[in-house]
Structure formats: structure tokens, C-alpha cells
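The values are calculated or read from the model by the stated rules, or taken from the named source; none is laboratory data. Computed from a predicted structure; not experimentally measured. So basically every Cβ, Gly included, is an ideal-geometry build from the backbone, and we count neighbours across all protein chains shown.
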Amino acid sequence: MEDKLLIWKFKRGSRQALRRIYDKHHGHLLKLAVVLTGNAEAAEDIVQGVFVRFAQSADRFGLAGSLKSYLITSTLNRVRNQRRDNKRRRLQSLDKAERVPSMARRPDQWAVLSERLERLSCAMASLPYEQREVITLRMEADMTFRQIARLQKTSISTVNGRYRYGIEKLRSLLNSEVTV
């Protein structure tokens, strides 16, 4: 209900409404983008782009579903576009390059990376993108498999399989690091 009121105010030019929408949704969109890109700086750029585009659409914005779903879809589309653009720009293969986690940490960041979180992040990054996307949408965005299937334009059984295989691979990767 709050989102509907905020959208109504936003469409009438309320900066406070736009600020509240940003404050309410920025954190989970940033977390989603970080998990999917594996890069905090790229994730920040993606989420900023989502909100800039959203702010520019006030006069023509129409929403049939939930604002959260709209913003998640916008973020996913930007991540996918970035992945596609990066593949086009890649001059040489970086497949064998060592993955280096971002060391940029600020006090106002949404999470402090612990050793376990870094291992999980690296394990997530090793998954195929489609599996990573399904797991992230299920775990972080709390979406149902049906919603994810609609979003990915695929069948529920495909989404279930991506989730199951992704979780199995994560377990395998993380359990292999455990020493007794």
C-alpha cells in the first residue's frame, strides 16, 4: 500500500516520494546486483542506472504489479545487458585469470565481508549465470519459482533444475573447503 501512495506522489513530482522509494529498495537491489555481477562497483553503477531511469520516467510511468518486482526486473535487465556488452568488448579471454574480490570497503556499505561470505561469493561466481540468477532471486528477493520462471521466460521445471543444480554445486564447492 505504501508503494502505491509513493508512486502516486512520485508521478506528481514529489522528491520525497522518490527518496523514500530509493531508501526502501536500494539495499536489496544492490545486494542482488553484487551477487549477480560479483563486482561491488559495477553493481552500484547498475542500481544507480535503474534509479536514474526510474526518476526520468515519472511522467510516463505506469505500474500493473508491485514496485519491488518492477525494480528487480529492471536491475536484472541491466545486469544482463552489462554481461552481453562485456562479452562484446572483451578483447582477450580472461577465463584463466584469478578472481580477485573487491577490496573497496566503506563504513556505509551494506555488508562487511567475512571469510565465509567471501567463500560463498566466490562459489556463487563459479556457477553458470542462469543458476546464480535463480538462486539469488529465490534466496535474496524471496521470489517463487513461478515468478522466476515468468521473469526468465522459461518453464518452472527449468527454474527448479537450475536451482537444484546450483545448490548442489554450491554444497560441493563449500564442503570441499571444509577441513576436519
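Counting only helices (runs of 4 or more DSSP H) that fall entirely inside segment 1-78 and contain at least 2 residues that are under 11 Å from the mean Cα position of the chain (by Cα) and touching a residue at least 24 places away in the same chain (Cβ under 8 Å), the qualifying elements are 15-37, 40-56.
Test of understanding: among M143, M124, which residue is assigned to a loop (DSSP other than H, G, I, E, B), surrounded by 12 or more Cβ atoms within 10 Å (Cβ to Cβ) and at pLDDT 85 or above? After applying the criteria, what remains is M143.
Only residues that are touching a Lys or Arg at 6+ places or on another chain (Cβ under 9 Å), within 24 Å of K4 (Cβ to Cβ) and surrounded by 11 or more Cβ atoms within 10 Å (Cβ to Cβ) were counted in segment 39-92, giving 9.
Pairing each residue of segment 159-176 that is under 16 Å from A149 (Cα atoms) with any residue that is not in a helix (DSSP H, G or I), provided the two are 6+ apart or on different chains, yields C-beta distances under 7 Å for G166/L127.
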